[in-house]
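Report on the following structure.
The values are calculated or read from the model by the stated rules, or taken from the named source; none is laboratory data. Worth saying up front: this structure is predicted, and the values here are computed from it rather than measured. Because the Cβ atoms are built from the backbone with ideal geometry, glycine has one as well, and the counts that use them run over all protein chains shown. Areas reflect the complete protein model, heavy atoms only, side chains present, ligands, DNA and RNA absent. Shrake-Rupley method; radii C 1.70, N 1.55, O 1.52, S 1.80 Å.
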Amino acid sequence: MITFSNALRESMPKTLSSLPLLSIAILDYKDELAVKNKAFALFCEKNGLPSPEEVIASPLPRNYRTTTKRRAIFENGEFSLAFGEDDCSEYTEPLEPEEHLAIYKLVEGYLKKPVFKALAEAMNWLIIRGSYKRRTVIFNVSEMNASVVRKLKLMGEHLTASELGVFSAHVYFDPTCSDYYLETRRPTNALAFKTLYGPKDLSLDLGDIRLKYPVTGFSQINESQIPNLLSKAKELLQPNAEEHMLDLYCGYGLFSLGIGKNAKSTFGVEWEGPSIEYAKNSARFLKRMNAKFLAGKIDAEFVEKKIPKFREPEVILLDPPRKGVEQGVISALAKRNPKRVLHVFCGTDEIPRSVNQWRMAHYQVSKIQPLDLFPGTPHLETAVLMTKADVRK
C-alpha cells in the first residue's frame, strides 16, 4: 500500500524532494504531468489497481482557479489579506487569475484606510468566485452592525467602478470566526447571507447550455477542464435512451444536465437543498422533462428507500466529496444491479478502499482515467469505470 503523496515524493525530481509537495507548481507543466503520470501509475501498481490511462492535461495549467480566498488579518491597527494556513503564497499565487490578485490588492488598499476600520476589524475572509469573465466577491464577516453594513455598501461601489469584472458582491455572516471561509453552520436568529449588489447566483457556460448555481454552492475551481471532464464521463458511462442515469452528489446538475440528455431519464441527488433547486430550475429552463432531482443525505438507507427503482437498465455516476461515500452506500448501489458505474474521485487515496468495496459487490475496474483538475498541486481527479464482474471465473 502507498499513498499518492508518497508516490509523488518518489517521482519528484531530487532537487524538489525536500520541499513541500506544492513545489510541483514551480515545474514546467510538461514536467509536472510527467511526475503525476509516473506517481499515479506507481500508486495504482502498489495498491493492486489496473494500469491507468494517461493523465488528461489541463487546458489552463496556471491562473486557472475560479475560486480563491484570503484570510483577513487585523493586528496592531493594521489590516492585511494573507493566504490561509493550508496555502503557500509562493506556490499558490501562480495558480490564481491575475484579475483575482488585482481585486485583493484593491480591497486591501481600501481596508487599510481609517474610514474602513469598522469593516477591517469585522473581516474573516475575502472570497472570489465565478468564471474567467465574470466574478463575485464575498465578504465573510463576524459582525453585521450598521457601521459594517455601510462600509460594505461603499466597498461595493468601489468594486463596481473597478472594471475588474466584479458583477456582484455579497456578505456572509460568520460570528464564529471559523477556519472555514464559507461556514456551513449558519447562525440562528441572524442574517447569514446578504447581497450587496448584482445577481444572487453564478453561471457556467457549457457550449450550448448555461447552468446556474448558488453563490455558496460547490463548483469545480478549474473551469478550463470541465469540458474534458464531461466529455470523458460521457465516453465512459455512455448513457443512452434504453438506460436510466442515476447521478449521486449531483450538485447543481453538472453531470445530469451536461451528459444525461440521451438517457431515458436522469435522477440526481444532492444533500444541499439550494443546489438542487438550481438543478430543477435549469432542467425546466432547458426543457429536460426526463430530469428529476431530490435533496437528501446520501447514506445506505436513503439509497435503499428514497431513490426510485427502475424497470429498465440503469447506469450510475457518483462524484462524492474528498472523504468518499458513507459506509454501506456502495453495497446499496450495487444491489440496484447497474450495468455501468462511473465513480469519480477527488481524493486519490480513497480509490483503493472504494474499489475494494465494489469488488466485494462483484464489480470490476474497466478503466481508470485521471484528469489534472488541480495543476500545480499534489492532487488529481480520477474517473473509475466499474462493470459487472463475471462471477463464474
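Output the number of residues of the stretch 70-103 satisfying the condition of being part of a helix (DSSP H, G or I), closer than 14 Å to I128 by Cβ and either open to solvent by 10 Å² or more (accessible area, probe 1.4 Å) or among the hydrophobic types (A, V, I, L, M, F, W, C) (or both).
The total comes to 7.
What's the total number of residues in the stretch 230-252 that are within 12 Å of the chain's Cα centre (by Cα) and closer than 21 Å to K367 by Cβ? Steps first, answer last, please.
Quick first cut of the stretch 230-252, residues within 12 Å of the chain's Cα centre (by Cα) only: 249-252.
Then drop every residue that is not closer than 21 Å to K367 by Cβ, which leaves 249.
The total comes to 1.
What number of residues within the stretch 134-163 satisfy the criterion of being open to solvent by less than 50 Å² (accessible area, probe 1.4 Å) and within 18 Å of S203 (Cβ to Cβ)?
Residues that pass the stated criteria total 4.
Considering the stretch 217-245 alone, what residues qualify as being over 20 Å from L60 (Cβ atoms) and of a type in the set (G, A, S)?
G217, A241
Scan the stretch 330-344 and give yes if some residue there is over 20 Å from V269 (Cβ atoms) and basic (K, R), otherwise no.
Looking through the stretch 330-344, none of the residues is over 20 Å from V269 (Cβ atoms) and basic (K, R).
If Q225 passes every condition in (1) under 30 Å from Q327 (Cβ atoms); (2) open to solvent by less than 20 Å² (accessible area, probe 1.4 Å); (3) touching an Asp or Glu at 6+ places or on another chain (Cβ under 9 Å) but one, which one does it miss?
Against the list (1) under 30 Å from Q327 (Cβ atoms); (2) open to solvent by less than 20 Å² (accessible area, probe 1.4 Å); (3) touching an Asp or Glu at 6+ places or on another chain (Cβ under 9 Å), Q225 comes up short only on (1).
Checking the condition surrounded by fewer than 18 Cβ atoms within 10 Å (Cβ to Cβ) and of a type in the set (S, T, N, Q), which residue from S58, S23, S51 passes?
None of the other options fit; the residue is S51.
What's the number of the condition A241 fails, among (1) over 25 Å from G273 (Cβ atoms); (2) at pLDDT 95 or above; (3) touching a Leu at 6+ places or on another chain (Cβ under 8 Å)?
If we test A241 against (1) over 25 Å from G273 (Cβ atoms); (2) at pLDDT 95 or above; (3) touching a Leu at 6+ places or on another chain (Cβ under 8 Å), just (3) comes out false.
Here are P50, P59: which of them is touching a strand residue (DSSP E or B) at 6+ places or on another chain (Cβ under 8 Å) and in a loop (DSSP other than H, G, I, E, B)?
The conditions single out P50.
Among K388, K309, K339, K335, which is open to solvent by 10 Å² or more (accessible area, probe 1.4 Å), touching a Pro at 6+ places or on another chain (Cβ under 8 Å) and more than 29 Å from P214 (Cβ to Cβ)?
Unique residue meeting the criteria: K339.
Could you list, ordered by first residue, the pairs with Cβ atoms under 8 Å in which the first is in the stretch 281-303 and in contact (Cβ under 8 Å) with a residue 24 or more places away in the chain and part of a strand (DSSP E or B) and the second is open to solvent by 40 Å² or more (accessible area, probe 1.4 Å) and among the hydrophobic types (A, V, I, L, M, F, W, C), at least 6 apart or interchain?
Going by the 8 Å Cβ cut-off, the qualifying pairs are A295/W271.
Inside the stretch 310-393, counting only strands (runs of 3 or more DSSP E) that do not spill past its ends, which hold 1 or more residues that are under 30 Å from P94 (Cα atoms), of a type outside the set (F, W, Y) and at pLDDT 95 or above? Step through it out loud before you land on a result.
Values: elements: 314-318, 340-345, 363-371, 381-388.
Filter on the stretch 310-393 gives 340-345, 363-371, 381-388.
Looking at the stretch 1-30, I want the residues that are among the charged types (D, E, K, R) and have a partner that is surrounded by 14 or more Cβ atoms within 10 Å (Cβ to Cβ) and in a loop (DSSP other than H, G, I, E, B) with Cβ atoms under 9 Å, at least 6 apart or on another chain. Which pairs are those?
Pairs that qualify, where the first residue is among the charged types (D, E, K, R) and the partner is surrounded by 14 or more Cβ atoms within 10 Å (Cβ to Cβ) and in a loop (DSSP other than H, G, I, E, B), are E10/I2; K30/A57.
Restricting the search to the stretch 1-42, which residues are assigned to a loop (DSSP other than H, G, I, E, B) and either more than 21 Å from F345 (Cα to Cα) or among the β-branched types (V, I, T) (or both)? Lay out the reasoning, then the answer.
Residues of the stretch 1-42 that are assigned to a loop (DSSP other than H, G, I, E, B), as a first pass: 1-3, 12-13, 17-20, 27-28.
Within the stretch 1-42, I2, T3, M12, P13, S17, S18, L19, P20, L27, D28 meet the criteria.
Here's a check for you: in the stretch 117-133, which residue that is without any contact (Cβ under 8 Å) to a residue 60 or more places away in the chain and of a type in the set (K, R) is surrounded by the most Cβ atoms within 10 Å (Cβ to Cβ)?
Narrowing the stretch 117-133 to residues without any contact (Cβ under 8 Å) to a residue 60 or more places away in the chain: 117-126, 133.
With the extra rule that they be of a type in the set (K, R), the set shrinks to 117, 133.
On the way: K117: 16, K133: 10.
Ranking the qualifying residues of the stretch 117-133, first place goes to K117.
For the stretch 256-280, name all the residues that are open to solvent by 40 Å² or more (accessible area, probe 1.4 Å), modelled with pLDDT of 95 or more and not in a helix (DSSP H, G or I).
Answer for the stretch 256-280, where residues must be open to solvent by 40 Å² or more (accessible area, probe 1.4 Å), modelled with pLDDT of 95 or more and not in a helix (DSSP H, G or I): just K264.
Among the listed residues Q357, Q369, Q327, which satisfies the condition of being among the polar types (S, T, N, Q) and touching a Lys or Arg at 6+ places or on another chain (Cβ under 9 Å)? Walk me through how you get there before you give the answer.
Values: Q357 fails: touching a Lys or Arg at 6+ places or on another chain (Cβ under 9 Å); Q327 fails: touching a Lys or Arg at 6+ places or on another chain (Cβ under 9 Å).
None of the others qualify; the one that does is Q369.
Check whether at least one residue in the stretch 239-255 is surrounded by fewer than 18 Cβ atoms within 10 Å (Cβ to Cβ) and in contact (Cβ under 8 Å) with a residue 40 or more places away in the chain, and report yes or no.
The answer is yes, given that some residue of the stretch 239-255 is surrounded by fewer than 18 Cβ atoms within 10 Å (Cβ to Cβ) and in contact (Cβ under 8 Å) with a residue 40 or more places away in the chain.
For residues that are out of contact with any Ser or Thr (no Cβ under 7 Å at 6 or more places or on another chain) and open to solvent by less than 20 Å² (accessible area, probe 1.4 Å), scanning just the stretch 26-42, find the one that is farthest from P352 (Cα to Cα).
Filtering the stretch 26-42 for residues that are out of contact with any Ser or Thr (no Cβ under 7 Å at 6 or more places or on another chain) and open to solvent by less than 20 Å² (accessible area, probe 1.4 Å), the one farthest from P352 (Cα to Cα) comes out as E32.
Looking only at the stretch 316-325, decide whether some residue is over 19 Å from the mean Cα position of the chain (by Cα) and without any contact (Cβ under 8 Å) to a residue 40 or more places away in the chain.
For the stretch 316-325, residues over 19 Å from the mean Cα position of the chain (by Cα) and without any contact (Cβ under 8 Å) to a residue 40 or more places away in the chain: absent.
All but one of (1) among the hydrophobic types (A, V, I, L, M, F, W, C); (2) closer than 18 Å to S224 by Cα; (3) in contact (Cβ under 8 Å) with a residue 40 or more places away in the chain hold for C346; which doesn't?
(3)
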